[in-house]
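The values are calculated or read from the model by the stated rules, or taken from the named source; none is laboratory data. These numbers were taken from a predicted model, which means no experiment stands behind them. When we count neighbours, we look across all protein chains shown, and the Cβ atoms used for this are built from the backbone with ideal geometry, even at glycine.
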Amino acid sequence: MRALGLLILLLAAIGLWPRQAASESVRIKDIADVEGIRSNQLIGYGLVVGLNGSGDRLNNSLFTRESLISMLERLGVNIRDQESKLQTRDIAAVMVTSELEPFSHDGSRIDVTVSATGDATDLSGGTLLVTPLMAADGDVYAVAQGQLVSSAFSAKGAASSVTRNIPTSAHIANGAVVEKEVPVDLGARHELHLSLRNPDLTTAERMANVINSSVGNIARVSDPRTVTLALDGGDVMGMLGRVEDLMVQPDTPAVVVVDEASGTIVMGDNVRISTVAIAQGNLTVQVTETPVASQPGPFSGGSTAVLPRTSVKVDTGAGKRLGILPESPSLRDLVGGLNALGVGPRDMISILQTIKAAGALQANLVVR
């Protein structure tokens, strides 16, 4: 916190701080999605082999041993009578995840992420064996296999160790082949719905007006998130391509997001503050210990003693007065002025919360 002089400089800085430009226009494809065109999550369970002693331990990951035995049996190798001799130090049970992008066809490739499920310590250098990837409906949509690539490493000695990133997670670029595609037939639809990623009625109205003036009278606002496009059975993909490239100026609500743990402040451009009086001051208590050694006189038979000496100073910020913050500056101007005067993020958070409590912050304050 600062004294009254800081408030006076703050008000001057706010008055001289340049206004931010209005939000610029963006493409519709950057703020809205076409409903029905979406990715699908895939998951599978598999084995990674070829690890250099960093795989699952036998006693702690029994499912790794059972998976290995089942896989060998499917390959014609029966070792049930020798399973007690199996070693899994070079093998790890893993979960394989991926996303099936829209319009992915049979034979196309997608990336996969491999994560350890047992007590393996490092997956670097391993090879993922054939792993079916299923969706929520239980059908297999892709099959993954390949060499794992990880940017992590781990090293240890007798008394210390070092680890960078996550060695129990790795990736395989283009590591899965699509076996079954999810059909999307846009031509058979009578309507398309554009879904705003940040629902806002003003933005939806602007989007509909831009589409109607550029492509034809085909757009209407269904709700703050959805703009409906009426299809006439023509070139749907061509029309959709023209719509996605149209420019629209999005509108944003007045929101301030504060993360107290990290001292982060994120604000919208439309935030305003009403006239408010602010007094800045804090209580500072300074305690200084200066112990003194007391020596006994010669031949007195006494012993040396340490006498405490404590000095306490208290500053209550007396003499500080209220400062008036006039109406009209935006929150962006306020924070810009605070930054120019050297006020730290945590002091800003305290000021913003106090202004909101006084009802002068015309925005939604979200504290995380």
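Summary table
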{"quantity": "Condition check for Leu192: in contact with a helix residue (DSSP H, G or I) (Cβ under 8 Å, 6 or more places away or on another chain) and touching a residue at least 60 places away in the same chain (Cβ under 8 Å)", "calculated": "yes"}
{"quantity": "Residue count, region 100-153 (criterion: part of a strand (DSSP E or B) and either out of contact with any strand residue (DSSP E or B) (no Cβ under 6 Å at 6 or more places or on another chain) or β-branched (Val, Ile, Thr) (or both))", "calculated": "10"}
{"quantity": "Some residue of region 117-128 being in contact with a Phe, Trp or Tyr (Cβ under 9 Å, 6 or more places away or on another chain), in the same structural domain as Ser61 (by TED's automatic domain parsing) and small (Gly, Ala, Ser)", "calculated": "yes"}
{"quantity": "Hey, Arg242 under 33 Å from the mean Cα position of the chain (by Cα) and free of Cβ contacts under 8 Å to residues at least 40 places away in the same chain or not", "calculated": "yes"}
{"quantity": "Test: Leu186 is modelled with pLDDT of 90 or more and farther than 30 Å from Asp119 by Cβ", "calculated": "no"}
{"quantity": "Close pairs from region 131-147: first surrounded by 15 or more Cβ atoms within 10 Å (Cβ to Cβ), partner assigned to a loop (DSSP other than H, G, I, E, B), Cβ under 8 Å, at least 6 apart", "calculated": "Tyr141/Ala135; Tyr141/Glu179; Tyr141/Lys180; Tyr141/Glu181; Tyr141/Val182; Ala142/Glu179; Ala142/Lys180; Val143/Glu179"}
{"quantity": "All positions within region 154-172 that are outside any strand (DSSP E or B), within 29 Å of the chain's Cα centre (by Cα) and polar (S, T, N, Q)", "calculated": "Asn165, Thr168"}
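For (1) closer than 21 Å to Ala170 by Cα; (2) modelled with pLDDT under 85, each residue gets a yes or a no:
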{"position": "Ala13", "(1), (2)": "no, yes"}
{"position": "Glu24", "(1), (2)": "no, yes"}
{"position": "Arg38", "(1), (2)": "no, no"}
{"position": "Val48", "(1), (2)": "yes, no"}
{"position": "Asn52", "(1), (2)": "yes, no"}
{"position": "Leu58", "(1), (2)": "no, yes"}
{"position": "Arg80", "(1), (2)": "no, yes"}
